[in-house]
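Visitor: First the structure, which I've put down as structure tokens, then a few questions once you've had a look.
The values are calculated or read from the model by the stated rules, or taken from the named source; none is laboratory data. Bear in mind that the values here come from a model prediction, so they are computed numbers and not experimental data. Cβ: placed from backbone, ideal geometry, glycine included. Neighbour counts: every protein chain shown. SASA here: full protein model, heavy atoms, side chains in, ligands and nucleic acids out. Shrake-Rupley method; radii C 1.70, N 1.55, O 1.52, S 1.80 Å.
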Amino acid sequence: QVQLVESGGGLVQAGDSLRLSCQASERTFSSLAMGWFRQAPGKEREFVAGISRSVYYVDSVKGRFTISRDNAKNTVYLQMNSLKPEDTAVYYCAADYFRGIRTRKDEYAYWGQGTQVTVSS
């Protein structure tokens, strides 16, 4: 059982930056494919970014968000720059034992509790 804990969300103004963190209680963290999803009110949960041996981003965040991982700390990060009001959502960390990038929420077995990101205009 993989436990995931997100942190770093908050209330910011448009144009500001946030760094989300997700720490896994898993000693084989390097074997996990990690993803970030977000869900806005009234919307379906959508893929934002993923990292395994490579990285992949949804078009709406390319050039603004960066996903990275520190295997020594069992942690994946999402650096979010130039935030926009439309980025407002609950952000979820997800993990599974994949060999590559996966973008569907039903492909991930393990999920964090979510962290709220609110971007004001």
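Visitor: What number of residues within the stretch 96-108 satisfy the criterion of being open to solvent by less than 70 Å² (accessible area, probe 1.4 Å) and either free of Cβ contacts under 8 Å to residues at least 60 places away in the same chain or assigned to a helix (DSSP H, G or I) (or both)?
Guide: 1
Visitor: Could you grab me the full set of residues in the stretch 76-95 that are more than 19 Å from K43 (Cβ to Cβ) and open to solvent by 10 Å² or more (accessible area, probe 1.4 Å)?
Guide: Result: Y77, Q79, N81, S82.
Visitor: Can you confirm whether the stretch 19-38 contains a residue that is on the phi > 0 side of the Ramachandran plot and either open to solvent by 60 Å² or more (accessible area, probe 1.4 Å) or at pLDDT 95 or above (or both)?
Guide: Looking through the stretch 19-38, none of the residues is on the phi > 0 side of the Ramachandran plot and either open to solvent by 60 Å² or more (accessible area, probe 1.4 Å) or at pLDDT 95 or above (or both).
Visitor: Could I ask something else about it? Output the number of residues of the stretch 50-92 satisfying the condition of being farther than 19 Å from T118 by Cβ and not polar (S, T, N, Q).
Guide: The total comes to 17.
Visitor: Could you please find all residues in the stretch 39-75 being among the basic types (K, R) and either under 20 Å from Q23 (Cα atoms) or crowded, with 20+ Cβ neighbours inside 10 Å (or both)?
Guide: R53, R69, K73
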